[in-house]
Structure formats: C-alpha cells, structure tokens
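Asks: One structure is given below, represented as structure tokens, and several questions about it will come after.
Values in this text are rule-based calculations from the coordinates and carry no lab data. Keep in mind that this is a model prediction, so the values were computed, not measured. Please note: Cβ atoms are built from the backbone with ideal geometry, for glycine as well, and neighbour counts cover all protein chains shown.
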Amino acid sequence: MISPPRIGVIGSGYVGTVVAACFAALNHDVVGIESDRAKLKLLRDGHLPFHETGLAELLAAQVAEERLTFTDDIGAATDSCDVMFVCVGTPAGPDGHPDLTALESVARAIGASLTAPMVVVTKSTVPIGTNLWLRSVIEDGIANRRIEGVDVSIVSCPEFLRVGTAVDDFLYPDRVVIGSDRQDAIDLVADLYRPILEQEVPAGLGSGPKTTAPHLVTSSLGTAELIKYASNSFLAMKISFINELAQICDRVGADVTQVAHAMGMDHRISPLYLNAGLGWGGSCFGKDLTALATTAREHGFEPTLLQAIGTVNDYQRLEVVRKLQTHLGALRGKRIALLGLAFKPGTDDTRDSPAVGIARKLQQLGAVVTAHDPVVVDLPGVGGVRITADPLLAADRADAVVLVTEWPEYRTMDYAKLAEAMNGPLVIDGRNALDRDAVTAAGLEYEGIGRKG
Ligand code: UGA
C-alpha cells in the first residue's frame, strides 16, 4: 500500500462532505464520490450544496488546493483509493429498518471494480450485523470476477457529528470509535485520525481543541455499530426524561429549568441535553431509536424503555397545542404565529421538526397559521402556512405567538413591538428560551414548558 493512503469518500451529504473536507484539510489526498449530477457540479466548483457552519469555506479551500476532488465514477475512484469511507444515507424504511439500498449498491460497485487491497470504512449508521453483510456483498463481487489476492477489510467508524457544529465535532470529538475484526485495518484508520486524537489539527481549523484529548475506542464491528445507536438513543432519552418532568412540574407548580440546572450539577448526570421543550427532532434520533427497537424485537426482546422515549416525544410535541386550547379555548379561526421552523437553531433542516406536527395539528383544528424562521423558507409537507420574512409580520393580529425553535434573535426581539402587532397577549415559549421578565414587562402573557414554579 502506498503511503500516505489515498482516501475515497462515497456520498456527499452532511457526514460525507465533512469527512472529505476535514481529511483533506489534514493534508490527505481525498476524492469525494457523488452520483447526483447537480450536487457534483457544485462540489467540483468548491460550493457546498447545503448550509453548515464553517464547511463552505473549508470545502472551497480544499478544492482550490486540489487536495479534494469529486467524481461520479465510483469504479475509477475505487481503483485509485486505499481507504474508502462510506457515508451514504440510511433513511428509515417502512418496517422500522433503515433502508440499505444505497449502501448495497455502493458495496456492489466496489465489489465490481476493486483490483487491489482496500479498507472500507462505514460511517453511515447501520443496524448491527450490516458491516458483515457489506463485506460479503463486496467479496461476492470480487469472487464473480474470478480475481485473487484482493483483500477487503471492513471497519465501522460511526460518526457523532451534529448538524450545525459538524466541522468542530469531527475535528475535536470526545471519542473516535473504530470497530473491526482486523487489527491492521484498525491501525490504518487510527493513523488517519492521529492528528485528531493527538490534538495536532492545524491551527485555524474550526474553533480549536477541547481541554481533554479525544479517547480512542477500538472494538468489534457489532459493538461499534451498537455504540452509535446507544449514544443517540441515550441523548433522546435524556430529553424525553426532562420533558416528562416538565409535564409533572406544570401539574405540581415547579420550575423544570431549575430542576434540570440542579440535576446537571451532578457530574454523573451532566447538564447537557436536559433542556425541556417541544421534544427532539431531526433526521437521526427518531430513525435510530426505531432501528434499535426493531433490532431488539427481531431478537425476541421487547425494548420497553426505547419505546417510551418516542412515545413521550410524540406527546410533548403537541404540548403547545394543549396550552393554546387551555388559554384560547377552541382554536377555529384563531391566528397562531410560530417562531422558528427548523428542528433546531443553526440549520435550515426541517426533517422531523416539531414545527411540522404543530402546524398540521393547528390547521386541523381550524387555526390560521403564520410563521417566521431566519433561514427556512418553506415547510415541506405542510401547505397553507404563510412564512414571513420578519417575525413581527408573522405575529400581525396573532391571538398567540409560539416559540418553536430557539433562534438567538427571538431572545432579543423588541417585545413592545411584538405586543403592538398581536391581537392577544399570549406568548408560549416552547423552548424555555425567552426572558420571561422581558416578555411580561411588555404587557404580554408568558407561558413556558414546565415553568409553573
Ligand atoms: C444528533 C446527535 O447529537 C449527534 O451526536 C449524531 O451524530 C447525529 O444526531 C447523527 O446521528 O447524525 P443532531 O440530529 O444534529 O445530532 O441534533 P442535536 O443537536 O443532537 O439535537 C437533536 C434534537 O434534540 C433537536 O431537535 C434539539 O432541539 C433537541 N434537544 C437537544 C432538546 O430538545 N433538548 C436538549 O437539551 C438538547
């Protein structure tokens, strides 16, 4: 194998583009493989096809320096690379299983073109056992061509990056998980991560290292696959836990923000992912919880807790609708303004955003729904929501305003102007993110989530 290895990255979504641009920035020769022609053209010109903090600049620089190139020819890329990162999407399928169609066609393409030894590294989130299956598909492809001496090793290296902080999460992670039954493959991938593990990322990339160096965890393939599902499920569980507590706080007259703050002081608990609100969304938590629960059931075990995490979240998302009904009575004909549509601040991603379910439910109940979001311009799957360019326009003649996504600009809004624009005084803070005193000082009525204390 030549040294240093040439890296291929299949799939140019959030994960693939970050992996490709960051390894290029660590001075590797990287080729990104993308089948979507329109995306490919943008990437080749150094343009990012979606919004992600810091990534556009990083990508443009790596393309300009020619450390990162893009192609749609997976066969040629397979031939020229020593390590192939697989970062294709594994969206939820109808039966609870992730849809592995894209992964399978990648494995077939690699198996059909590989002529030299390769380490295939799966970054896509995949059910337990998938990497073994992936290897068999690739090996079948090689065997069909009756060539010998082509050694494929498979590594599971799950990614823990968050939308909005993806570059930082990749370069400055808490841990790097590398799973394989081949020590030489683990060593090779660990070597690629060496600057990250040893906090030797060149200055100027992202926001800089954390106080402690990342941990390296090596494991079997199946354990690495499970670590990813366990991590996302646990984070979703923390949020559902504090949301259930918020429900109790509202009933007994306590303040969930203080409860969470004091709980988080215990280092065994930690303050992170304890913000009560309208529940978690995005493309990962729901999909991964369902996939893990499906795996458990397939192995004859009913995952009671995993099941409850999603049930609590489903209930929590409509909490603002119940609060609106309590304050306003029947919602038919009422004007409700939603502030924020993205599943969290810092992104234009509305996949599985609580805003979708809330807008739909309000419309079903006959309310007129308007909305504002600093970056989202339409809400896929929901018609009839007027999205305005200014939050005050969305609030015009509104009977109530609901904060759905805690974008920072909503915290510093002119609440006096908001009160002037509205028809009624009700502001529901679905993320417990607004300054309650500032809101009430403007003559508005404030209601948070679990903040009756
Ligand atoms: C999540 C994980 O955090 C990443 O580690 C993982 O790599 C990624 O999924 C993935 O599997 O690809 P992400 O979906 O970008 O990342 O979103 P998070 O920042 O974790 O937030 C998820 C949801 O939880 C958001 O809707 C957010 O508003 C909500 N949330 C978060 C709360 O309601 N309360 C909190 O305290 C924290």
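Asks: Counting only the backbone N, which residues of segment 152-187 are under 19 Å from the spot 7 Å out from the Cα of SER136 toward its beta-carbon?
Replies: 152-156, 180-182
Asks: Just tell me which lysines come within less than 18 Å, Cα to Cα, of LYS238; anything on the same chain fewer than 8 places away is out.
Replies: LYS228, LYS287, LYS344
Asks: Can I ask one more? If you take every residue apart from VAL382 with its C-beta less than 12 Å away from the C-beta of VAL382, what net charge results, scoring Lys and Arg +1 and Asp and Glu -1?
Replies: Working: positive: ARG360, LYS361, ARG386; negative: ASP378.
Result for the local shell: +2.
Asks: Let me ask something additional. Rank ILE110, SER207, ILE138 by how far each Cα sits towards the positive end of the charge dipole of the chain (+1 on Lys, Arg Cβ; -1 on Asp, Glu Cβ) and give me just the farthest.
Replies: My answer, from the dipole projection, is SER207.
Asks: Could you check the simple spin-label distance between ASP191 and VAL375, using points 7 Å along Cα→Cβ, in nm with one decimal?
Replies: Output for this residue pair reads 3.7 nm.
Asks: For an R0 of 51 angstrom, estimate the FRET efficiency from the Cβ-Cβ distance between GLU104 and ILE269 and round to the nearest 0.05.
Replies: Numbers: r = 41 Å, r/R0 = 0.80.
Between GLU104 and ILE269 the formula returns 0.80.
Asks: What is the spin-label model distance, in nm, from ARG386 to ARG436 if the labels are put 7 Å beyond Cα along the C-beta direction?
Replies: Distance between the two pseudo-spin positions: 3.3 nm.
Asks: Please enumerate, by chain and number, the aspartates and glutamates with C-alpha under 16 Å from the C-alpha of LYS323, excluding those fewer than 8 residues away in the same chain.
Replies: GLU244, ASP250, ASP314, ASP399, ASP429, GLU445, GLU447
Asks: Follow-up question, since we're still on this one. What nm distance separates the two modelled labels at GLN199 and ALA296, each placed 7 Å from Cα along Cα→Cβ?
Replies: The two pseudo-label positions are separated by 3.7 nm.
Asks: Separate question: How large is the dipole of the chain about the Cα centre if only Lys and Arg carry +1 and Asp and Glu carry -1, each at its Cβ, rounded to the nearest 20 debye? Don't jump to the answer; show the numbers that get you there.
Replies: Values: 40 positive and 56 negative charges, 268 e Å.
Here the chain has a charge dipole of around 1280 debye.
Asks: Grab the other residues whose beta carbon is less than 11 angstrom from that of ALA398, score K and R as +1, D and E as -1, and report the net.
Replies: Details: positive: LYS334, ARG335, ARG397; negative: ASP396, ASP399.
Here the count lands on +1.
Asks: Also: Count charges around SER153 for me, please; just the other residues with Cβ under 9 Å from its Cβ, Lys/Arg as +1, Asp/Glu as -1.
Replies: Values: positive: ARG135, ARG182; negative: ASP151, ASP181, ASP184.
My count for the surroundings of SER153 gives -1.
Asks: Shifting gears a bit: Which angle between 0 and 90 degrees, to the nearest 10, do you get for helix 130-144 versus the longest principal axis of the chain when only C-alpha atoms count?
Replies: 40
Asks: Here is a further query. Once the Cα atoms of helix 55-64 and of the chain are each reduced to a long axis, what angle between those two axes, in degrees from 0 to 90 to the nearest 10, is obtained?
Replies: With both axes taken from Cα atoms, the answer is about 30 degrees.
Asks: Within segment 73-178, which trypsin sites (Lys or Arg not before Pro) sit in a loop by DSSP and count at most 10 neighbouring Cβ atoms inside 10 Å? Don't skip to the answer; put the middle values down first.
Replies: Details: sites: ARG108, LYS123, ARG135, ARG145, ARG146, ARG162, ARG175; in loops: LYS123, ARG145, ARG146, ARG162.
Counting only loop positions with at most 10 other Cβ atoms within 10 Å, the trypsin sites (Lys or Arg not before Pro) in segment 73-178 are ARG146.
Asks: Still on this model: Which of GLY129, GLY383, LEU324 sits farthest toward the positive end of the charge dipole of the chain, with +1 on the Cβ of Lys and Arg and -1 on the Cβ of Asp and Glu?
Replies: The residue sitting farthest along the positive end of the dipole is LEU324.
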